[in-house]
Every structure is written in structure tokens, then in C-alpha cells.
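Peer 1: Quick one: the structure is below, and I'll ask about it shortly.
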Amino acid sequence: MELISLISLTFIPLLIGFILLYGTFKQVPTYESFVEGGKEGIKIAVSIIPFLVGMLVAISIFRASGALDALMNWIRPLTKAMGVPAEIVPLLIIRPISGTAALGMTSDLIAIYGPDSFIGRLASVLQGSTDTTFYVLTVYFGAVGIKKMGDALKVGLLADVVGIVAAIAVVALVFGTK
Amino acid sequence: MVNYIWVFMTIIGIVFALINGTMEEVNKAIFDGAKEAVTLCIGLISVLVFWLGMMRIAEESGLLERLSKLFRPVVKIIFPEVPTNHPAMGYILSNMISNMFGLGNAATPLGIKAMEELKKLNGGKNAASRSMVTFLAINTASITIIPTTVIAIRMNYKSTSPTEIVVPTIIATILSAIGAILIDRYFYYRRSRKG
């Protein structure tokens with residue numbers, strides 16, 4: 001654990017130091033390049049705003065109205081038949097839609113069932129091994145102005161399903177279902 | 001597709017609010033959602049400016065190119081349409097590496113840069129190219145080595161072994177990444193068969 005936290009703690013500063021030294025060594029005008037690259041960042045961040053506002057408002061309405069809860073109740077028998085514990089279903093549905101909500105749910109599940117329970121471990125692995133598909137889609141495509149997404153959403157959501165099945169199977173195999 | 005999903009979520013939400021009498025919550029949600037989105041973007045400015053600045057140095061010094069040379073064989077299999085020496089390769093790789101270390105806020109700017117380069121490769125069209133869909137699929141499967149946030153939460157709740165989920169997470173994430181690539185391939189071949 002200490003080694004891992006040491007690595008994640010020193011990784012970014014080391015990376016920055018390395019990039020700067022390498023740039024200086026290759027005689028890049030480091031500071032000027034940094035500023036030029038940074039300017040692009042502002043443009044990108046501002047250009048994402050409308051995409052994210054549209055998506056988050058729709059998601060908020062869907063959640064606040066109670067439609068999301070209804071959807072979960074509706075799906076529950078199906079997931080139960082597949083051997084997915086009912087407690088974890090809300091997290092499964094939220095995970096691709098909202099990153100902050102999913103993080104909140106994961107800590108909730110860990111708090112209630114304990115970090116070393118089946119549910120706690122499953123929530124941990126799920127949180128770590130999948131990402132917020134809608135957010136990634138909105139931000140990445142929004143930033144570069146892609147309007148026709150093709151199969152991207154379908155592929156992303158199906159990949160999430162694979163990730164969920166994999167997480168459940170791995171946790172059950174490694175730790176058992178207690 | 002996104003248009004339909006977007007309208008669907010909003011309309012179903014409003015209809016639900018009418019039936020359930022949750023209009024008050026929905027009204028609040030509209031403005032909270034918009035505010036959260038802007039707050040998120042403003043928060044992104046700092047990391048975007050910083051990492052894109054750093055990456056500009058890495059690009060101009062040739063560091064990105066060296067990195068892409070190193071991993072070229074693997075990435076070439078996943079992204080057959082990206083020319084080997086194209087800057088997109090370097091950005092795709094740096095994005096994947098940042099994701100692996102759980103550095104989400106470094107991964108996003110790099111991912112956006114990669115998308116930009118992929119769009120240039122696609123002649124600047126506003127439709128997603130094959131490589132873009134693949135890149136997105138890999139990103140949503142999010143290959144993780146150190147799930148830092150989760151470990152922190154587990155420590156908070158006094159787990160006897162906060163890091164015991166690291167290996168299972170790696171296995172699950174590899175499986176889902178492989179799944180993502182296979183699903184992406186399937187859709188690609190289906191598309192190309194239709195012409």
C-alpha cells in the first residue's frame with residue numbers, strides 16, 4: 001500500500017520534471033510553448049460548456065423526477081435473475097451516466113455494507129474498472145465538434161455491460177460472495 | 001441517436017414529474033444541472049491549461065513521438081487507420097497511460113487532443129471516424145492500474161485491506177477493455193458490410 005501511494009503521489013511531479021528537463025535538453029522554448037499549449041485549454045473548456053449543460057440538465061431532470069428510480073425497480077427482477085445483488089443495481093445504472101453520483105453511491109455502499117463485504121468489494125471494483133460513458137462521450141466529441149456519433153454510444157454502453165459482468169465474475173471468484 | 005436519448009430523458013422526466021408530483025424537484029434539477037455543468041467546465045480550465053501546456057512541450061521536444069514509437073506495435077493493432085508517425089498516436093498513448101495511473105484530470109485534456117488529431121485525420125468532418133469510436137470505447141472501459149479514489153474511500157471506512165481490490169480491478173478492467181475492442185470491431189465490420 002505504501003509503495004502504491006508513493007508511486008501515485010510522486011508520479012505527476014516526476015513526470016512534470018521529466019518533461020521540463022527533456023524540453024530544455026532539446027532546446028524547446030519551454031515557457032513559451034507551455035503558454036501556447038495552455039491557451040488551447042481555455043478554448044476547449046469553454047467550448048464544452050453547452051454540451052455538458054445540455055446533457056447534465058437532461059440527466060438531472062431524469063433523476064429528480066423519480067424516473068431513474070422507476071427504471072431501477074423495473075430492471076431489478078431482470079438483474080436478480082442474472083445473480084446481481086439488488087443493492088448494487090442503482091450503481092450499475094448510474095455509473096455510465098454520472099460520475100459524481102456513482103462515486104457518492106460507491107462510498108454509500110461501502111459505508112453501509114462495509115469495505116470488506118461482497119457488496120463493498122463489488123462496488124469498489126465497479127467504480128475502479130468502468131467510466132462515465134456519457135461524460136466521456138459528451139466531453140470528447142463536444143470539444144472537437146463531432147455531431148454524428150455513429151456507433152460510439154452503443155459500443156460504449158455495451159462495453160460497460162461487459163465491464164460490469166467481468167467485475168461481478170472476478171469479485172465472486174476471488175473473494176467469494178459473502 | 002444522442003438526440004433521441006437526450007429528448008427521451010428530458011420528456012420522460014417531465015412526464016414522470018407530472019404523474020408523481022415531483023415538479024418542484026425537477027424545477028430545481030434544471031438549474032442545478034446547468035450550474036453543475038458550468039462548474040465542471042470551469043474546474044476543467046485549470047487542468048486543461050496546465051496539461052495541454054505541458055504536453056505542448058512534450059510534443060515539441062519529440063517526447064510524444066518517442067513514446068508512441070515504444071508502444072507502436074500494440075496501438076497499431078487497435079488503431080489500424082492511424083499512421084504510425086501521426087501525433088494522434090502520441091496523444092492516444094499518453095491518454096491511456098494517464099488513465100492507467102488513475103490520473104483522470106490529466107487523461108481528459110490528452111483525450112481531447114487525441115480526438116482533435118483524429119478529426120484532422122478524418123478530413124475535419126463532423127462525423128465520428130472508426131478510430132474515434134475505438135478510442136472512445138477504450139476510454140469508457142477505462143484501463144486502470146491504481147484506482148486511487150476507491151482505495152481512499154476504502155481506507156476511510158477502515159477496510160482491513162484497502163488495496164485488495166487492486167488486482168481484481170485490473171483483471172476486470174482488462175476484460176472490459178478487450179470486450180470494448182471486440183464490440184467495436186464487430187460494429188465496424190457490420191458497418192463496412194453495409195457499405
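The values are calculated or read from the model by the stated rules, or taken from the named source; none is laboratory data. Nothing here was measured: the structure is a model prediction, and the numbers come from that model. So basically every Cβ, Gly included, is an ideal-geometry build from the backbone, and we count neighbours across all protein chains shown. Each accessible area value is taken on the protein alone, full model and side chains, heavy atoms only, with ligands, DNA and RNA left out. Shrake-Rupley method; radii C 1.70, N 1.55, O 1.52, S 1.80 Å.
Peer 1: Please sort through the DSSP H helices of chain A and keep those with an alpha-carbon extent of at least 20 Å along the long axis and a Kyte-Doolittle average not below 1.6. Could the numbers behind the result be given before it?
Peer 2: Values: long enough: A:2-25 (33 Å, 1.97); A:30-64 (48 Å, 1.05); A:67-81 (22 Å, 0.31); A:99-113 (21 Å, 1.07); A:152-175 (34 Å, 2.46).
Passing helices, by number: A:2-25, A:152-175.
Peer 1: Take chain B, connect every pair of alpha-carbon atoms lying under 10 Å apart with a spring to form a Gaussian network, then pick out the residue of B:Thr134, B:Thr149, B:Thr22 with the largest mean-square fluctuation.
Peer 2: Of B:Thr134, B:Thr149, B:Thr22, the most mobile in the Gaussian network model is B:Thr22.
Peer 1: On C-alpha positions alone, give me the angle between the axis of helix B:87-100 and the longest principal axis of chain B, in degrees, nearest 10.
Peer 2: 60
Peer 1: Can you list residues from other chains, or at least 5 along the same chain, whose modelled amide H is less than 5 Å from the amide H of A:Gly150?
Peer 2: Amide H neighbours of A:Gly150, under 5 Å, 5+ apart: B:Ala128.
Peer 1: Could I ask something else about it? Using only Cα atoms and rounding to the nearest 10 degrees, what angle (0 to 90) does helix B:2-20 make with the longest principal axis of chain B?
Peer 2: 20
Peer 1: Could you let me know the centre-to-centre spacing of region A:14-64 and region B:1-77, using Cα atoms, in angstrom?
Peer 2: Using only Cα atoms, the two centres lie 12 Å from each other.
Peer 1: Could you work out [θ]222 nm for chain B from helices alone, using -39500 (n - 2.57) per DSSP H run of at least four and dividing by all its residues? Round to the nearest 500 deg cm²/dmol.
Peer 2: Helix contribution divided over all residues of chain B: -26500 deg cm²/dmol.
Peer 1: Calculated FRET efficiency, A:Lys39 and A:Leu78, Cβ-Cβ r, R0 51 Å, to nearest 0.05? All intermediate terms of the calculation are to be shown ahead of the outcome.
Peer 2: Working: r = 49 Å, r/R0 = 0.97.
Efficiency for this residue pair is about 0.55.
Peer 1: If the elastic network links every pair of Cα atoms under 10 Å, which of A:Gly128, A:Gly114, A:Gly17 fluctuates the most in the Gaussian network model of chain A?
Peer 2: A:Gly17
Peer 1: Let a ≥ b ≥ c be the square roots of the eigenvalues of the Cα gyration tensor of region B:1-53; is it rounded (a/c under 1.5), or, if not, prolate (a/b larger than b/c) or oblate?
Peer 2: Details: a/c = 6.81, a/b = 2.12, b/c = 3.22.
Oblate.
Peer 1: Express in Å², to the nearest 10, the accessible area of A:Asp116 obtained by rolling a 1.4 Å probe over the protein heavy atoms while all chains stay in place.
Peer 2: Answer for A:Asp116: close to 50 Å² accessible.
Peer 1: If you don't mind, another one. Based on Cβ point charges of +1 for Lys and Arg and -1 for Asp and Glu, what charge dipole magnitude is obtained for region A:27-81 about its Cα centre, in debye rounded to the nearest 20?
Peer 2: Values: 5 positive and 4 negative charges, 83 e Å.
Charge dipole of region A:27-81: 400 debye, to the nearest 20.
Peer 1: So how tilted is helix B:130-141 from the main axis of chain B? Cα-based, degrees 0 to 90, rounded to 10.
Peer 2: That works out to roughly 60 degrees.
Peer 1: Based on the alpha-carbon gyration tensor of region B:82-184 and its eigenvalue square roots a ≥ b ≥ c, which shape applies: rounded if a/c is under 1.5, prolate if not and a/b is larger than b/c, or oblate?
Peer 2: Judged from the Cα gyration tensor, region B:82-184 comes out prolate (a/c at least 1.5, a/b above b/c).
Peer 1: What distance in nm separates the two pseudo spin-label positions at B:Thr84 and B:Val167, each 7 Å out from Cα along the beta-carbon direction?
Peer 2: Simple spin-label model gives 3.7 nm for this pair.
Peer 1: Rounded, prolate or oblate: which one fits chain A, using the alpha carbon gyration tensor with axes a ≥ b ≥ c (rounded when a/c is under 1.5, else prolate when a/b beats b/c, else oblate)?
Peer 2: oblate
Peer 1: Using the Kirkwood radius over C-alpha pairs as Rh, can you work out the diffusion coefficient of region A:1-98 via Stokes-Einstein at 10 °C, viscosity 1.306 mPa s, in µm² per second?
Peer 2: D = 86 µm²/s.
Peer 1: Still on this structure: Under Stokes-Einstein, with the Kirkwood radius over Cα pairs standing in for Rh, what whole-number D in µm²/s applies to the protein assembly as shown at 10 °C and 1.306 mPa s?
Peer 2: For these conditions, the coefficient is 74 µm²/s.
Peer 1: While we're looking at this one, here's another question. Can you compute the helix-only [θ] at 222 nm over chain A? Use -39500 (n - 2.57) per DSSP H run of at least 4 residues, normalise by all residues, nearest 500 deg cm²/dmol.
Peer 2: Numbers: 8 runs with 142 residues, N = 178.
Result for chain A, helices only: -27000 deg cm²/dmol.
Peer 1: Starting from the Cα of B:Met23, step 7 Å along the direction of its Cβ; do the same at B:Glu65; then give the gap between the two resulting points in nm.
Peer 2: Going from the B:Met23 label point to the B:Glu65 one covers 6.4 nm.
Peer 1: Okay, moving on. Obtain the nm distance between the two label points defined at A:Ser47 and B:Ile77 by a simple spin-label model: each point lies 7 Å from its Cα along the Cα-to-C-beta direction.
Peer 2: The two pseudo-label positions are separated by 3.4 nm.
Peer 1: Of A:Gly37, A:Val139, B:Gly123, whose Cα points farthest to the positive end of the dipole of the protein assembly as shown (charges on the beta-carbon: +1 Lys, Arg; -1 Asp, Glu; origin at the Cα centre)?
Peer 2: In the protein assembly as shown, that residue is B:Gly123.
Peer 1: While we're looking at this one, here's another question. Which whole-number percentage describes the relative contact order of chain B, with Cα contacts under 8 Å and a sequence gap of 6 or more?
Peer 2: Result for chain B is 15 percent.
Peer 1: Lysines within cross-link reach of B:Lys125: Cα-Cα under 27 Å, excluding same-chain residues under 8 positions apart?
Peer 2: Qualifying lysines at Cα under 27 Å: A:Lys39, A:Lys43, A:Lys147, A:Lys148, A:Lys154, B:Lys76, B:Lys113, B:Lys194.
Peer 1: Grab the beta carbon distance between A:Asp108 and A:Val174, set R0 = 35 Å, and tell me the FRET efficiency rounded to 0.05. Walk me through the numbers before you get to the answer.
Peer 2: Values: r = 23 Å, r/R0 = 0.66.
Once rounded, the FRET efficiency stands at 0.95.
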